[in-house]
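Some notes on the structure that comes next.
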């Protein structure tokens with residue numbers, strides 16, 4: 001994200017030389033404009049949702065240990081199925097990294113810009129996975145929903161069950177007309193091509 005903004009700002013500097021400072025000032029306002037909330041002001045964002053054998057709660061610092069334990073036990077699995085990258089998770093992540101991540105998720109949730117949930121066991125002692133509801137970078141979609149489960153939960157069949165449940169939940173409870181599920185309803189290659197345009 002930072003690289004995109006930097007590139008945009010470089011382009012604005014060039015345009016400023018060609019079109020004058022008034023254009024550059026207006027364009028800069030577009031680039032640095034705050035991200036609007038993902039949902040309407042009158043929408044009650046779910047903060048505790050119970051499903052069959054699990055519950056969804058917002059990610060935040062109070063969940064940092066069970067969240068960290070979940071993804072660090074499934075590094076290779078998540079790199080292949082969720083991020084498709086070695087950037088996250090990886091063996092070098094620290095407790096400080098985990099706290100910073102959770103603080104960021106909590107801040108975005110409170111600002112209503114994106115919503116990250118831990119999928120916990122019904123008793124809240126273990127994290128089975130996570131669900132993310134985010135703005136779409138592709139026109140024509142109101143939101144993007146991504147989810148992951150640990151390797152053990154995936155092998156037990158929970159990934160398919162959670163995906164089916166999440167689709168029904170989002171369709172029923174969230175104010176979106178069209179939702180993208182990259183890597184699931186839309187193949188990764190197709191989604192990546194749409195994002196680039």
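What follows draws every value from the coordinates through simple rules; no lab data is involved. The structure displayed is predicted, hence computed values, not measured ones. Positions of Cβ are generated from backbone atoms using ideal geometry, with glycine treated the same way; all protein chains shown enter the neighbour counts.
Projected label points at residue 126 and residue 138, each 7 Å from Cα along the beta carbon direction, are separated by 3.4 nanometres.
Shape verdict for region 54-104, please, from the Cα gyration tensor: rounded (a/c under 1.5), prolate (a/b greater than b/c) or oblate. Intermediate values should be presented prior to the final figure.
Working: a/c = 1.96, a/b = 1.34, b/c = 1.46.
In terms of gyration-tensor shape, oblate.
Label separation (residue 173 vs residue 110): 2.2 nm, computed from points 7 Å beyond Cα along the C-beta direction. Each residue in 54, 82 was given a count of other beta-carbon atoms within 10 angstrom of its own, and listing them fewest first yields 82, 54.
Starting from the Cα gyration tensor of region 38-196, take the square roots of the eigenvalues, sort them a ≥ b ≥ c, and report rounded, prolate or oblate (rounded when a/c is under 1.5, otherwise prolate if a/b is larger than b/c, else oblate). Here region 38-196 falls in the rounded category. Exposure proxy ranking for 188, 148, 169, 88, based on other Cβ atoms within 10 angstrom of each Cβ and starting from the fewest, stands as 188, 88, 169, 148.
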